Each structure stands twice: as C-alpha cells, then as structure tokens.
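The block underneath contains the structure these notes are about, expressed in structure tokens.
The values are calculated or read from the model by the stated rules, or taken from the named source; none is laboratory data. If you're wondering where the values come from, they're calculated on a predicted model, not measured in any experiment. Cβ placement follows ideal geometry from the backbone for every residue including glycine, while neighbour counts extend to all protein chains displayed. Only protein heavy atoms, including side chains, enter the accessible area calculation; ligands, DNA and RNA are left aside. Shrake-Rupley method; radii C 1.70, N 1.55, O 1.52, S 1.80 Å.
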Amino acid sequence: MQTTIYVLILIAVILLDIIGVIGSIAPAIPGPPLCLIALVIAFYCFPGSIPLTILIVMVALCLIAATIDYFAPMIVTKLGGGSKYAVIGSTLGLIIGFFFPPFGILWIPFVCAFIGELIANFKLGKAFRVAFLSFLSFMITTGFKIVLCAVISFINIRACF
C-alpha cells in the first residue's frame, strides 16, 4: 500500500475512533457506530489483520449497544414508576449537561429528571427515586458504550500497526 494512502487511512481510523469514544458520552454523537465504521475500514484496508468473527461480534455488540442506549432510559424510568416528564427531563439534561463537562454530564440529567418527575407528581421521594434510576441507567449504558468503543479502538490500532 502506498505510504500516502496508508497515512490517510490511519488518520481516518484514528479520528473515527477518537470521535467514537467521545460520542460514547455525548448524546448527539453516535459513538459505537463511528468506531464500527473505523473497524470496517481497517478490516478491508488491512486484510488479515482483523478476523471476520471479531468483526461480526463487534457488529452485534454495536447493535445491542444502540438498542440498549435507546430503550434503557425509558424502560428503567417507567419500571421505577416515572412519568414521561422524567424521561424528557433526563434527555434534555443530557443535552444541556454536555456543555458543562465533566460534572454537567453526570448531574444535570439527574436534576432534570428529578424536576420532570416533580412537575408530573409533586412527590419528592418518588421524584428522587425515578431520577436516581434514570441516572443509573445512563451510567450503565454509557459505561457499556465506552468499553465497547475502547475495545474496538484497541482492535483498530492493533490492526493498523
């Protein structure tokens, strides 16, 4: 492979991985899919460096991550007895919290879910419980996405070098 093309592919893979890891935390950036795109690029551009089974497993894990990331906050909030206002509050909190790192991404969704549930029910204890469950769901799904993106990034770097 020509040196220029190799360097461009390497830069693309590394940038996609970095943005993907950031996207694991940021609500508007699809982290695992970006890392998966980098993995597919590395798979095809560096033949034999990534086994097909690894690619298939990572695709499946990314699909699971996307599904869990989309449905978990709603399901956990509903199972905790929360209202749609708590779900909306938590989602808005994620977007607002992104602009106030590092603690904003952790606490603002909790506070917004709490306020959303208070608006819906006016019960302090229930609002706290629902906000905590929403926060816990966010932490678990975010942790899963960060680990997944880190593993994919490691595979990519190993394949490229």
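Among (1) 11.7; (2) 9.6; (3) 14.9, which is the computed mean projected area of the Cα convex hull in nm²?
The value computed from this structure is option (2).
Place a point 7 Å from the Cα of residue 2 along the Cα-to-Cβ direction; which residues of segment 31-59 have their backbone N under 19 Å from it?
45-47
Can you pull the one-decimal nm distance between simple spin-label points at residue 124 and residue 161, each 7 Å off the Cα toward Cβ?
That separation, rounded to one decimal, is 5.4 nm.
With a 1.4 Å probe and every protein chain kept in, tell me what percent of the accessible surface of the chain is carbon plus sulfur.
Details: 7440 of 9060 Å².
The C+S portion of the solvent-accessible surface of the chain is 82 percent.
Do any chymotrypsin sites (Phe, Trp or Tyr not before Pro) in segment 83-152 lie in a loop, going by DSSP, with at most 11 other beta-carbon atoms within 10 Å of their beta carbon, and if so which?
99, 103, 122
Averaged per residue, what accessible area in Å² does segment 11-94 show with a 1.4 Å probe, protein chains only?
Heavy-atom SASA per residue in segment 11-94 reads 52 Å².
Note the count of lysine pairs whose C-alpha atoms are less than 20 angstrom apart in the chain, limited to pairs 8 or more residues apart or on different chains.
4
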